[in-house]
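The values are calculated or read from the model by the stated rules, or taken from the named source; none is laboratory data. Remember, predicted model here, so these are calculated numbers, not experimental data. Every residue, glycine among them, receives a Cβ derived from its backbone with ideal geometry; neighbour counts consider all protein chains shown.
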Amino acid sequence: MTYFELFGIPVQLKVIPASLSARFFALSREFHPDFHAQADDTTREEMLEKSAMLNKAWKTFQSPDETIKYVLQLKGLLEEEEKYQLPPDFLMEVMDMNEVLMEPEEADMTALEKKIDSLQMEIYEPVQKMVEHYQEGITSEKELLQVKEYYYKKKYLDRIRRQLAGMQ
């Protein structure tokens with residue numbers, strides 16, 4: 001059972017957590033092990049597994065990046081700890097930003113933030129429609145591979161953004 005099946009929703013790359021909160025709480029009550037204390041061992045074990053899966057699904061759906069990662073993994077297009085090769089021009093931009101972070105006293109951090117924001121919009125634009133309007137069976141593997149590249153690029157930018165936030 002996938003997280004989407006558990007929640008009774010179609011597979012999607014962009015989940016709106018607020019739209020699922022009532023369903024989450026209803027399922028939490030339904031699967032909570034305390035409500036099945038008198039049931040047989042098999043039923044209690046099943047409810048415990050579903051409850052754990054529900055919590056993992058909810059946590060995944062809270063993060064747009066984790067939701068994208070989960071769908072790509074479901075489709076067999078992304079593996080844990082995968083060494084994904086990004087385009088050299090993107091890596092050069094990231095390297096330039098990292099150099100700025102190495103010399104913060106000489107750097108314009110506001111300009112760096114703007115550059116990160118600009119690059120973030122630039123990498124999202126080509127996949128925006130796919131992410132926001134994904135349709136199972138219609139969105140092609142080629143399109144999902146574009147989403148995968150976006151996912152990895154965004155991870156790089158998020159790492160730089162976290163470093164920058166830690167310096168301010």
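Overview of results
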{"item": "Selected residue [without any contact (Cβ under 8 Å) to a residue 40 or more places away in the chain and surrounded by 13 or more Cβ atoms within 10 Å (Cβ to Cβ)] from 20, 27", "result": "27"}
{"item": "Odd one out for residue 95, checked against (1) under 25 Å from residue 135 (Cα atoms); (2) not assigned by TED's automatic domain parsing to the domain that holds residue 25", "result": "(1)"}
{"item": "Pairs with Cβ under 6 Å, 6+ apart, first in the stretch 144-168 and more than 26 Å from residue 107 (Cα to Cα), second among the β-branched types (Val, Ile, Thr) and surrounded by 17 or more Cβ atoms within 10 Å (Cβ to Cβ)", "result": "146/127; 147/127; 150/123; 150/127; 151/68"}
{"item": "Flag if residue 164 is aliphatic (A, V, I, L, M), surrounded by 13 or more Cβ atoms within 10 Å (Cβ to Cβ) and either modelled with pLDDT of 95 or more or within 27 Å of residue 4 (Cα to Cα) (or both)", "result": "no"}
{"item": "Near pairs, Cβ below 8 angstrom, 6+ apart or cross-chain, from the stretch 40-69 (under 12 Å from residue 28 (Cα atoms)) to any residue that is assigned to a helix (DSSP H, G or I) and polar (S, T, N, Q)", "result": "51/28; 54/28"}
{"item": "Residue list for the stretch 30-70, restricted to those being closer than 20 Å to residue 18 by Cβ and within 9 Å of the chain's Cα centre (by Cα)", "result": "60, 61, 62, 63, 64, 65, 66, 67, 68, 70"}
{"item": "Search result, residues across the stretch 57-101 that are aromatic (Phe, Trp, Tyr) and assigned to a helix (DSSP H, G or I)", "result": "58, 61, 70, 90"}
{"item": "Filter result for the condition that a residue is modelled with pLDDT under 95, outside the structural domain of residue 20 (by TED's automatic domain parsing) and closer than 29 Å to residue 10 by Cβ, over 125, 80, 113, 106", "result": "80"}
{"item": "Among (1) of a type in the set (Gly, Ala, Ser); (2) assigned to a helix (DSSP H, G or I); (3) closer than 26 Å to residue 80 by Cα - the single one residue 165 does not satisfy", "result": "(3)"}
{"item": "Among residues of the stretch 88-111, those that are in contact (Cβ under 8 Å) with a residue 40 or more places away in the chain and surrounded by fewer than 13 Cβ atoms within 10 Å (Cβ to Cβ), counted", "result": "0"}
{"item": "Residues (aliphatic (A, V, I, L, M), modelled with pLDDT under 95 and surrounded by fewer than 19 Cβ atoms within 10 Å (Cβ to Cβ)) located in the stretch 133-161", "result": "138"}
